[in-house]
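All remarks here apply to the structure that follows.
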Amino acid sequence: MAKKQYAIIGMGRFGSSVARALSGMGFDVLAIDADEQRTQEISNIVTHAVSADSTDEEALRALGIRNFDVVVVAIGEDIQASILTTLILKDLGVPAIIAKAKSELHGKVLGKIGADKVIYPERDMGMRVAHHLASPNILDYIELSPDYSILDMKVSGSMLGKNLQELDIRAKYGCNVMAIRQGEEMNISPRAEDRLIDGDILVIVGHKDNLTKLEIEYQ
């Protein structure tokens, strides 16, 4: 399966955080910012970094932006540029557009003009967003420390019908299943023989590197 490709427009704190996290997870990332210094700072971390005006349709077309699976519009203060960029991306046929909003009103406008998902940085940290983008089965991602995190993973694909013993997440990935959630019910003492069904959510804790391996395996 081909690796997903991401383009992040706007290399402020939020955009660069998402770009670094996705790159760290092994994905191809194109970083775009009008400020050449910002693109220089991220250039040795991402696959490609380009200084370009995202409100210029021809510039985005020349970058082959429509070939990216997901484009994140992480433009900070300039609401007009954020809206215009989102409109252009929609026009160019980008498959999935994730846009950062500065306010509820800004978010509503972005949703109306075609953003598939609107993110409010004060509620969504860059790292959490990156994990969700990289693996749609990851519903939440919480950092416990610089090294350890907890994630909520939706049970799907090859996990369905297996029990915890068969999955053997602890032995394979060094991570622990702390709980299994089904709707409002939370099983905080899951047993090895507990079989997983559609709708189950695994609450898993582990070292960040091990969690990333787990995500890639089951994305």
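Just so you know, all these numbers are worked out from the coordinates, no wet-lab data involved. In this text the structure is predicted, and so the values were computed from the model without any measurement. Cβ coordinates were reconstructed from backbone atoms using ideal geometry, including for glycine residues, and neighbour counts include every protein chain displayed.
Return the FRET efficiency for the residue pair N163, E77: r is the Cβ-Cβ distance, R0 is 41 Å, and the value is rounded to the nearest 0.05.
In this case the efficiency is close to 0.20.
Treating the angle as unsigned and between 0 and 90°, give the value, to the nearest 10°, between the Cα long axis of helix 208-218 and the longest Cα principal axis of the chain.
Taking Cα atoms only, the helix is inclined about 90 degrees.
What percent antiparallel are the DSSP beta bridges of the chain, to the nearest 5?
55 percent
Taking 0.36 nm per intervening residue step and subtracting the Cα-Cα distance, what contour gain separates R61 from E104 on full extension?
12.5 nm
If the cut-off is a Cα-Cα distance under 13 Å, which aspartates and glutamates reach K112, setting aside same-chain residues fewer than 8 apart in sequence?
E104
Want the number for D35 to I142: 0.36 nm per residue separation, take away the alpha-carbon distance, what's left?
Taking D35 through I142 to full extension adds about 35.4 nm, to one decimal.
Which label marks the calculated value of mean projected area of the Cα convex hull in nm², given the options (1) 20.0; (2) 13.9; (3) 12.7?
Here the calculated entry is (3).
Calculate for the chain the 222 nm mean residue ellipticity that helices alone would give, adding -39,500 (n - 2.57) per DSSP H run of length 4 or more and normalising by residue count, nearest 500 deg cm²/dmol.
-9500 deg cm²/dmol
Mind giving me the nanometre distance, one decimal, between the label points for S156 and H48, set 7 Å out from Cα along Cα→Cβ?
2.8 nm
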